[in-house]
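The values are calculated or read from the model by the stated rules, or taken from the named source; none is laboratory data. Values in this document were obtained by computation on a predicted structure and should not be read as measured data. Cβ coordinates were reconstructed from backbone atoms using ideal geometry, including for glycine residues, and neighbour counts include every protein chain displayed. Calculation scope for accessible area: heavy atoms of the full protein, side chains included, ligands and nucleic acids excluded. Shrake-Rupley method; radii C 1.70, N 1.55, O 1.52, S 1.80 Å.
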Amino acid sequence: MSLGLVACGSKGETTTDTPAQAETTETTDDAAAAETTGDTYTIGVLMKTLSSPYWQSMAEGLEKRVAELDNVTIEIFGAESEDDLSGQLNLMENMITSGKYDALCVAPITPTNLISGVVKANEANIPVVDIDEKFDMNALNEAGGYVVGYATSDNVAVGKMGADEIMKKYPDGAGVCIIEGIAGATSGELRRDGCKDALEAADGYEVLDIQPGDWDRQTALDVATNMINKYGDKLNAIFTANDTMAKGVLQAMINTGREDIYLVSTDADTEVQKGIKDGQLIAVVQDPAGIALSCVEQAVAALESGNYGSVDNQPEDTLIPATVYTQENIDELLNAQ
């Protein structure tokens, strides 16, 4: 089952209904107000999944921030997993046909799996904002679709920050492996390239291998185990494109007795934060709630301006900065929760 979360003004209510079912008195009243005054907007937010700590963090943080707004109601949904491509598209189509939403903010699992959904939203005159995972804009344009906004981390910078930490740890050079997300996923590719390019531009650093980990813990465990066995002592550090995969890599390090490998993750859920506190790894941490809030704000701006986008105009990227957390400063993150 998909999980829906609702944030209504300052009420912060929640529901676990499907898009066609999720409705409260407050939501109905807000939608009516939007139709008559334009002062209140109901926005549907579709994330990759709500089974992942990163997307859970984004949903929870977005709810808190939207609760401070007077004119926005959101409902949040997610696919069952980060490989449920058709399930996510079905959710988007249900959100469109429900007629409940003034705008949609969506995080496609891949750059193409929601393209037909965007086209349907465009045809229904519902503006769409892209969250975090960028659409294949050429493919979207060819299908006749378009979005009005996009926000994400500066994923190239995230990868470079990971490389910088590896170079600080090994100033005289190191052998590094990189585990990206699903092959073809833009965010994972940009993090991969940011790390790879920074290492290759410096003297003494060798990128030994790059493999997809599919955003999955078990897949990453298997990939990392193979890397450790293949490269042996030449392998000094591993960079992963998210922390779900980092947890698999950490288990591989423990299983093979290679806990000396310097592990650099992206994101930091509760389990990874504990690992950072224990000195097992470090992480480049994004601001998921900030990314999603920017998308909601861009949706509201589109509704208020009446500019719902077109195939002739591609929106500029809105990049949200990230922070490196190590054993030395992880308490800042822990104390902020």
Subject >> Unique residue being within 23 Å of T318 (Cα to Cα), surrounded by fewer than 23 Cβ atoms within 10 Å (Cβ to Cβ) and modelled with pLDDT under 95 when the list is T110, T152 >> reply: T110
**OP:** Go through the range 195-240 and give me each residue that's among the aliphatic types (A, V, I, L, M), over 20 Å from I182 (Cβ atoms) and open to solvent by 40 Å² or more (accessible area, probe 1.4 Å).
**Re:** A201
Original post:
Out of all the residues in the range 158-190, which are of a type outside the set (A, V, I, L, M), surrounded by fewer than 24 Cβ atoms within 10 Å (Cβ to Cβ) and in contact with a Ser or Thr (Cβ under 7 Å, 6 or more places away or on another chain)?
Top reply: G184
Subject >> Odd one out for I74, checked against (1) open to solvent by 10 Å² or more (accessible area, probe 1.4 Å); (2) of a type in the set (A, V, I, L, M); (3) within 27 Å of I182 (Cβ to Cβ) >> reply: (1)
**OP:** Mind counting the residues in the range 265-283 that are open to solvent by 20 Å² or more (accessible area, probe 1.4 Å) and not in a loop (DSSP other than H, G, I, E, B)?
**Re:** 4
Subject >> Residue within the range 269-292 that is in contact with a strand residue (DSSP E or B) (Cβ under 8 Å, 6 or more places away or on another chain) and hydroxyl-bearing (S, T, Y) present >> reply: no
Original post:
How about the range 117-143: which of its residues are open to solvent by 10 Å² or more (accessible area, probe 1.4 Å) and out of contact with any helix residue (DSSP H, G or I) (no Cβ under 7 Å at 6 or more places or on another chain)?
Top reply: V119, N122, E123, N125, D136, M137, N138, N141, E142
**OP:** Could you list all residues from the range 284-311 that are surrounded by fewer than 16 Cβ atoms within 10 Å (Cβ to Cβ), free of Cβ contacts under 8 Å to residues at least 24 places away in the same chain and either part of a loop (DSSP other than H, G, I, E, B) or of a type outside the set (G, A, S) (or both)?
**Re:** G306
Original post:
From the set of residues in the range 86-107 that are among the small types (G, A, S) and either out of contact with any Lys or Arg (no Cβ under 9 Å at 6 or more places or on another chain) or open to solvent by 10 Å² or more (accessible area, probe 1.4 Å) (or both), which is farthest from P212 (Cα to Cα)?
Top reply: G99
**OP:** Go through (1) at pLDDT 95 or above; (2) among the β-branched types (V, I, T); (3) surrounded by 23 or more Cβ atoms within 10 Å (Cβ to Cβ) and name the single condition T244 misses.
**Re:** (1)
